[in-house]
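Some notes on the structure that comes next.
The values are calculated or read from the model by the stated rules, or taken from the named source; none is laboratory data. Worth saying up front: this structure is predicted, and the values here are computed from it rather than measured. Every residue, glycine as well, gets a Cβ built from its backbone with ideal geometry; the counts of neighbours run over all protein chains shown. These accessible areas exclude ligands, DNA and RNA; they are computed on the full protein's heavy atoms, side chains included. Shrake-Rupley method; radii C 1.70, N 1.55, O 1.52, S 1.80 Å.
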Amino acid sequence: MRASEVRALFAVASRPEVVSLAGGMPNLADLPLADIAELTAKVIATEGMTALQYGSGQGRPQLREQIVEVMKLEGIDAHPDDVVVTTGSQQALDLVTRLFIDPGDVIVAEAPSYVGALSVFRSYEAEVEHVRLDADGLVPEELDETLTRLAAEGKRVKFLYTIPNFHNPAGVTLSLERRHQVIEICKRHHVVIVEDNPYGLLGFDREPMPAMRSFEDEGVIYLGSFSKTFAPGYRVGWAVAPHAVREKLVLAQESAILSPSHASQMSIEAYLTNHDWKKQIKDFQVMYKSRRDAMISALSEYLPDAEWNVPDGGFYVWVKLPPGLDSKTMLPRAVTGRVAYTPGTAFFYDGTGADHMRLSFCYPDEVTIREGIRRLSAVVSAERESVEIFGTTPQLDDVTDTDIPGPDIA
Ligand code: PMP
C-alpha cells in the first residue's frame, strides 16, 4: 500500500478558503434531515435490541429485498439471496478483489479508472491493464485485442473492472450496443465482469440504461451503493454475484467485519419504506444537472482552450489541459490559488494521465463552482507563463502529509 501522491495536498485543499472541485462527496443539503432523524430515532426506540446487535454476514433480508427493488430501475431481475450487503461498495470491491486475485494476476480496467478501485487492486498486488474509453465508454475492439494479447502472453486475466454509467472520472456512459459487445467479448475470453455502478440512477436527461447484469447473470458481479443516491455516511453498498461467488463473498465478508452495520441497514430500510426515495433521486438529478451546467458554462467562459466532455449524469467532468501543462505539477499552484482538483495521474495505474484533471461538480453550489473555475483559469495562465519562462513549475514546499478526510479522493 502507498499514500496517494496527492494526499498531502488534499490536507491543504480541505481548508475552507479553498474551493474544492476535487472530492466525490455528494450534496446532502437537500436531504430531509429532520425526517431521517425521526425515522432513525424510531428504529432505535422500537427495535433497538436488534438495531444495535450483530447481524448476518450477508445483510438483512428486508434490506436485500429492497435492494432488489432499487435494481429493477436498471432492469436487473435478481433474488434477495443473490445480494450481499457491504460497508459501501468500496468494501465490495475489496472483497471481490480478495477472492479473485493472487499477486501478479491481471485486472483489465478502463483508462482512466476510479482511484479507489486502483488502490484496492494495488493492495492485492494485481497488475492492471488499461483499455481506452471514448465518448461511448470502453472501446470493445480494444478490449478484445487486449484480452487476446494477454492470453497469448500467458497472463491470467481475472476480471474486467468497469464503471458503465457516468464514469468516475471520465463522465462517459457505455452505449447499449457496446454493453452487449463487452459481455460477448468477456464471455469468449472467460473473463468475469465487475460492473461498478454507484451513479446509474443519477442521469440528467433520460431513463437509466439497463445494467449489464440485466443481460447476463452468470458472468457479471454487480456492485451498487446508497452513497450517491442517499448518503455515504451509512456506508451501505452491495454486491450481486452468481451463486458460487456469492457464497465465498459472504465468507470473506464475515472474516473481514463479521456483519455489516445493523443500525445503518435498518435506518436505510426505514428511509426506503417511509420516504419517497424515487422522488428524492429525481430532485438530486435536477440539482446535479444545474451544477453540471454551471461548471460547463464556467469552463467555456474561463478555460476556452481546454477540452472537456459534457456528462449527462453523475458527478464529474474530465478536462484535458491546454498543451504543455501537467496537472500534477500544477496542483501546488492551484492550491495556493485556493482551488483544488484531482490530477489525471490518480486514475492510471502507471501514473500517466498528467494532461488531464478531474473536476467534480457534486459538492459546491453553482456560485462556488463558477468561482472555482475562475480561480483555476488564473492558475492555468500563471502556470503557462511559468512553463514558458522556466520550462518547469516551482513546487510548494510547505505541505505536510497530515491527516485528510478520505472522501476527498473518492
Ligand atoms: N465506485 C466508484 C466508481 C466510486 O466513485 C465510489 C465512490 N466515489 C465507490 C465505488 C465507493 O463508494 P461507496 O463505498 O461509498 O459505496
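Which of the residues spanning the stretch 309-335 are under 18 Å from Tyr114 (Cα atoms) and open to solvent by 60 Å² or more (accessible area, probe 1.4 Å)?
Passing the criteria: Lys320, Lys328.
One residue is enough: does the stretch 4-18 have a residue meeting the conditions more than 29 Å from Ser119 (Cα to Cα) and assigned to a helix (DSSP H, G or I)?
no
Given the conditions (1) open to solvent by 80 Å² or more (accessible area, probe 1.4 Å); (2) at pLDDT below 95; (3) not small (Gly, Ala, Ser), which single one is not true for Asp77?
(2)
Looking at the structure I just gave you, is Ala92 small (Gly, Ala, Ser), part of a helix (DSSP H, G or I) and within 16 Å of the ligand (Cβ to nearest atom)?
Details: small (Gly, Ala, Ser): yes; part of a helix (DSSP H, G or I): yes; within 16 Å of the ligand (Cβ to nearest atom): yes.
So Ala92 passes the test.
Can you name the condition, by its number, that Leu28 falls short on among (1) part of a helix (DSSP H, G or I); (2) open to solvent by 20 Å² or more (accessible area, probe 1.4 Å); (3) within 30 Å of Thr336 (Cβ to Cβ)?
Here Leu28 clears every test but (1).
Among the candidates Arg338, Arg358, which residue alone is surrounded by fewer than 24 Cβ atoms within 10 Å (Cβ to Cβ) and either under 26 Å from Ala3 (Cβ atoms) or out of contact with any Ser or Thr (no Cβ under 6 Å at 6 or more places or on another chain) (or both)?
Just one listed residue meets the conditions, Arg338.
Of the residues that sit in the stretch 168-184 and are open to solvent by less than 10 Å² (accessible area, probe 1.4 Å) and aliphatic (A, V, I, L, M), which one is nearest to the ligand (Cβ to nearest atom)? Give the derivation first.
Filtering the stretch 168-184 down to residues open to solvent by less than 10 Å² (accessible area, probe 1.4 Å) leaves 168-171, 174, 179, 182.
Next, only the ones that are aliphatic (A, V, I, L, M) stay: 170, 174, 182.
Working: Ala170: 11, Leu174: 13, Val182: 17 Å.
Taking the candidates together, the pick is Ala170.
For the stretch 102-125, what are the residues that are among the aliphatic types (A, V, I, L, M) and either open to solvent by less than 10 Å² (accessible area, probe 1.4 Å) or part of a helix (DSSP H, G or I) (or both)? Can you show your working first?
Step one: filter the stretch 102-125 for residues among the aliphatic types (A, V, I, L, M), giving 106-109, 111, 115, 117-118, 120.
Across the stretch 102-125, the qualifying residues are Val106, Ile107, Val108, Ala109, Val115, Ala117, Leu118, Val120.
Condition first: among the small types (Gly, Ala, Ser) and surrounded by fewer than 17 Cβ atoms within 10 Å (Cβ to Cβ). Now tell me which residues in the stretch 235-244 satisfy that. Walk me through it before giving the result.
So in the stretch 235-244, the residues among the small types (Gly, Ala, Ser) come out as 237, 239, 241, 244.
Of everything in the stretch 235-244, just one residue is among the small types (Gly, Ala, Ser) and surrounded by fewer than 17 Cβ atoms within 10 Å (Cβ to Cβ), namely Ala244.
How many residues, within the stretch 258-268, are away from the ligand (no atom under 16 Å from the Cβ) and open to solvent by 10 Å² or more (accessible area, probe 1.4 Å)? Show your work before the answer.
Within the stretch 258-268, the subset away from the ligand (no atom under 16 Å from the Cβ) is 258-259, 262-263, 266.
Next, from what is left, pick out any that are open to solvent by 10 Å² or more (accessible area, probe 1.4 Å): 258-259, 262-263.
Looking only at that region, the number is 4.
Do we find a residue being out of contact with any strand residue (DSSP E or B) (no Cβ under 6 Å at 6 or more places or on another chain), acidic (Asp, Glu), assigned to a helix (DSSP H, G or I) and open to solvent by 60 Å² or more (accessible area, probe 1.4 Å) anywhere in the stretch 134-148?
Yes: the stretch 134-148 contains one or more residues that are out of contact with any strand residue (DSSP E or B) (no Cβ under 6 Å at 6 or more places or on another chain), acidic (Asp, Glu), assigned to a helix (DSSP H, G or I) and open to solvent by 60 Å² or more (accessible area, probe 1.4 Å).
Residue by residue through the stretch 1-53, note down the ones that are touching a residue at least 24 places away in the same chain (Cβ under 8 Å), aliphatic (A, V, I, L, M) and farther than 27 Å from Ser259 by Cβ. Walk me through it before giving the result.
Of the stretch 1-53, the ones touching a residue at least 24 places away in the same chain (Cβ under 8 Å) are 1-14, 17-28, 30-32, 35-36, 39-40, 42-44, 47, 50-53.
After this cut, where a residue has to be aliphatic (A, V, I, L, M) as well, the list is 1, 3, 6, 8-9, 11-13, 18-19, 21-22, 25, 28, 31, 36, 39, 43-44, 51-52.
Correct list: Ala3, Val6, Ala8, Leu9, Ala11, Val12, Ala13, Val18, Val19, Leu21, Ala22.
Yes/no per residue for (1) open to solvent by less than 40 Å² (accessible area, probe 1.4 Å); (2) away from the ligand (no atom under 16 Å from the Cβ); (3) closer than 16 Å to Glu74 by Cα:
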| residue | (1), (2), (3) |
| --- | --- |
| His189 | no, yes, no |
| Asn197 | yes, no, yes |
| Leu202 | yes, no, yes |
| Gly219 | yes, yes, no |
| Gly224 | yes, no, yes |
| Ser227 | yes, no, no |
| Gly233 | no, no, no |
| Arg246 | yes, yes, no |
| Ala256 | no, no, no |
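Contact list please: Cβ distance under 8 Å, first residue in the stretch 110-125 and touching a residue at least 24 places away in the same chain (Cβ under 8 Å) and near the ligand (Cβ under 10 Å from one of its atoms), second residue of a type in the set (Val, Ile, Thr) and open to solvent by less than 10 Å² (accessible area, probe 1.4 Å), pairs at least six apart or on different chains.
Qualifying pairs under 8 Å: Ser113/Ile163; Tyr114/Ile163; Val115/Thr342; Val120/Thr97.
I'm trying to understand the selection: among the residues of the stretch 32-66, which are part of a helix (DSSP H, G or I) and of a type in the set (A, V, I, L, M, F, W, C)?
Our first condition is that a residue be part of a helix (DSSP H, G or I); within the stretch 32-66, this holds for 33-51, 61-66.
Once the filter is applied, which keeps residues that are part of a helix (DSSP H, G or I) and of a type in the set (A, V, I, L, M, F, W, C), the stretch 32-66 yields Leu33, Ala34, Ile36, Ala37, Leu39, Ala41, Val43, Ile44, Ala45, Met49, Ala51, Leu63.
Which of (1) part of a helix (DSSP H, G or I); (2) at pLDDT 95 or above does Ala244 not meet, given it meets every other one?
It is condition (2) that Ala244 fails.
If I filter the stretch 361-410 down to residues being at pLDDT 85 or above and assigned to a loop (DSSP other than H, G, I, E, B), which single residue comes out as surrounded by the fewest Cβ atoms within 10 Å (Cβ to Cβ)?
Checking each candidate, the answer is Asp365.
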